[in-house]
1. Based on what the data block shows, is residue 97 more than 17 Å from the chain's Cα centre (by Cα) and within 18 Å of residue 19 (Cα to Cα)?
2. Give the residue that is surrounded by the most Cβ atoms within 10 Å (Cβ to Cβ), with candidates limited to residues of the stretch 170-225 that are among the β-branched types (Val, Ile, Thr) and more than 15 Å from the chain's Cα centre (by Cα).
3. Report yes if some residue within the stretch 92-109 is farther than 21 Å from residue 13 by Cβ, free of Cβ contacts under 8 Å to residues at least 12 places away in the same chain, surrounded by fewer than 20 Cβ atoms within 10 Å (Cβ to Cβ) and not hydroxyl-bearing (Ser, Thr, Tyr); otherwise report no.
4. Which of (1) more than 30 Å from residue 170 (Cβ to Cβ); (2) part of a helix (DSSP H, G or I) does residue 157 not meet, given it meets every other one?
5. Among (1) surrounded by fewer than 19 Cβ atoms within 10 Å (Cβ to Cβ); (2) out of contact with any Pro (no Cβ under 7 Å at 6 or more places or on another chain); (3) not in a loop (DSSP other than H, G, I, E, B), where does residue 143 come up short?
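Bear in mind that the values in this text are calculations on the coordinates, not laboratory data. In this text the structure is predicted, and so the values were computed from the model without any measurement. Positions of Cβ are generated from backbone atoms using ideal geometry, with glycine treated the same way; all protein chains shown enter the neighbour counts.
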Amino acid sequence: MHGTAWLMVLLTAVAGWVDAVAYVRDGEVFVANQTGNAVFLAVQIAERAAPGVSHIRVTVGDDAFGPLASLIGFCLGVAASVLPLRRARRRGDTTPPWHLLAIEALMLAAVVLLAGTPREIRLALAAAAMGLQSVYAAGVAMRGVTTTTLTGTLVALISTLADDPGRRARQAMLLLSGVWIAYTVGAWGGAAAGLTWSIGTAHGLAALAAGAAAFAVWREAAAKT
């Protein structure tokens with residue numbers, strides 16, 4: 001896999017890491033997988049709309065504020081990408097700018113500084129970082145690689161396997177499999193870190209990884225100019 005593919009694998013591992021840290025430390029909330037948060041919110045709304053009607057034992061989160069903060073933070077992160085993207089387009093650059101990854105690293109680092117604040121603030125910052133990462137991955141435009149969710153990756157992997165057994169398909173399958181494994185390994189590491197380390201330490205490592213990705217993209221762009 002070439003450098004950009006390895007970068008996508010690294011970013012996917014970061015997403016799995018922060019997702020797992022948020023899930024085990026901040027009340028079963030995701031910061032990358034916003035589909036899960038939408039389900040959590042829907043369950044909360046259903047319970048509040050018809051309280052006391054359930055005759056089965058179910059376990060849901062304590063409140064809806066965590067998933068809502070994550071969703072809002074993710075949207076704000078996507079919105080924050082508009083200015084760097086606009087500047088890049090004005091320069092005629094069609095590739096996503098390294099600034100997006102740099103801002104992501106800064107947002108994750110901010111979680112380290114604000115580790116003692118209410119969980120909604122931490123969730124919003126981490127989710128905003130994942131929103132920026134999602135925009136960067138969309139600009140790279142590798143089929144099935146979003147770095148923050150795996151459903152599309154699974155669809156692309158299986159459809160590629162069924163469609164074309166040639167060399168290009170094998171390369172695509174290698175990348176997609178690597179992305180899937182990276183998220184899983186990252187989530188395992190994030191869960192272990194979330195259960196044993198401080199929130200600041202766990203997010204500090206994620207910030208370092210995102211910063212390394214930003215530096216690699218910057219160095220590659222500088223070498224081309």
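1. no
2. 217
3. Yes, the stretch 92-109 has at least one match.
4. (1)
5. In the conditions (1) surrounded by fewer than 19 Cβ atoms within 10 Å (Cβ to Cβ); (2) out of contact with any Pro (no Cβ under 7 Å at 6 or more places or on another chain); (3) not in a loop (DSSP other than H, G, I, E, B), residue 143 misses (3) alone.
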